[in-house]
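The values are calculated or read from the model by the stated rules, or taken from the named source; none is laboratory data. Bear in mind that the values here come from a model prediction, so they are computed numbers and not experimental data. Every residue, glycine among them, receives a Cβ derived from its backbone with ideal geometry; neighbour counts consider all protein chains shown. Calculation scope for accessible area: heavy atoms of the full protein, side chains included, ligands and nucleic acids excluded. Shrake-Rupley method; radii C 1.70, N 1.55, O 1.52, S 1.80 Å.
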Amino acid sequence: MIFRWRRDPNVYAVEVRFPTAPRSPWTGLPVTSADEWAAEVLSSLAEELATGLVSRSRRKIRDGYVVLDAHDAPDVSPAGFHLSPVPLIGVPSLRRRLRRRGTHVTWGAPEALVPLPASETGSWLAKAGIDVSVPRRLIAEDRLLCWLQAYVDNARGHPYVGHAVASWEDTRHTIARLDAVHTQPGVPTEVRGALVRLAVRMVTEDGALRVVTAIDIPELHELGFRPANEGGLTSDTIDTEPPPDPDAGA
């Protein structure tokens, strides 16, 4: 099955096994026609896409398509931690006690949710000692593209241990800039790598054709970032066949 996802420039494919029994590949329940079976395949794919199939799958290039395989693929969040977007909307009319704590309610009736003031967004990260000046400035400039946070995966959902920030570099919204990647001292490097990977995936899904950055960390090189002519690092977001290894077969 071949499809496009959001504004992602890649063309994706998933392998669907030919049915050997009249059962749904999604629920396992009986189906009565080929059309019903196909509808079940589409429903299953829709659910997988809604829960991050493109971000979490292993990838390989075949016939120009990016073939996704979620079987035994690692979670986007490293063990013991969780990654999520920083909430940018909430309920502004909070009690003073909650506002002092930097807590914003992000649930409730949709009509009650509004963009949070840039000066207050991410206050829980600032309280944890993470510099949020860059993403707040990008919000004020209407250029923020992606802001991810990392925290310890426990019942409390904290402490917060890092974040990653990306913005639009050009007015045509084709080039993204990775502006900041930070993890607190003592946090495993896997968390920083996971933040970078997910940030790149998210800006790609929003239509970025290229990502540039002044940040130079090993995790970016592992993702295929290379030195740019104008300085810093750059990477195209369209997945292609890896170049042949000159040492292969030597």
Among the residues of region 48-58, is there at least one that is in contact with a strand residue (DSSP E or B) (Cβ under 6 Å, 6 or more places away or on another chain) and open to solvent by 60 Å² or more (accessible area, probe 1.4 Å)?
yes
Here are the criteria: (1) surrounded by 14 or more Cβ atoms within 10 Å (Cβ to Cβ); (2) at pLDDT 95 or above; (3) not charged (D, E, K, R). Tell me which single one residue 85 does not satisfy.
(1)
Members of region 168-186 that are in contact (Cβ under 8 Å) with a residue 12 or more places away in the chain, of a type outside the set (Asp, Glu) and open to solvent by 40 Å² or more (accessible area, probe 1.4 Å)
173, 177, 182
Within region 196-232, the residues that are open to solvent by 70 Å² or more (accessible area, probe 1.4 Å) and touching a residue at least 60 places away in the same chain (Cβ under 8 Å) are 197, 209
Any idea which residue in region 9-41 is farthest from residue 238 (Cα to Cα), counting only those that are open to solvent by 40 Å² or more (accessible area, probe 1.4 Å) and of a type in the set (Phe, Trp, Tyr)?
37
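Only one residue in 165, 152 is under 18 Å from residue 120 (Cα atoms), open to solvent by less than 70 Å² (accessible area, probe 1.4 Å) and of a type in the set (Val, Ile, Thr), so which one is that? Outline the logic, then answer.
On the way: 152 fails: under 18 Å from residue 120 (Cα atoms).
From the options 165, 152, the qualifying one is 165.
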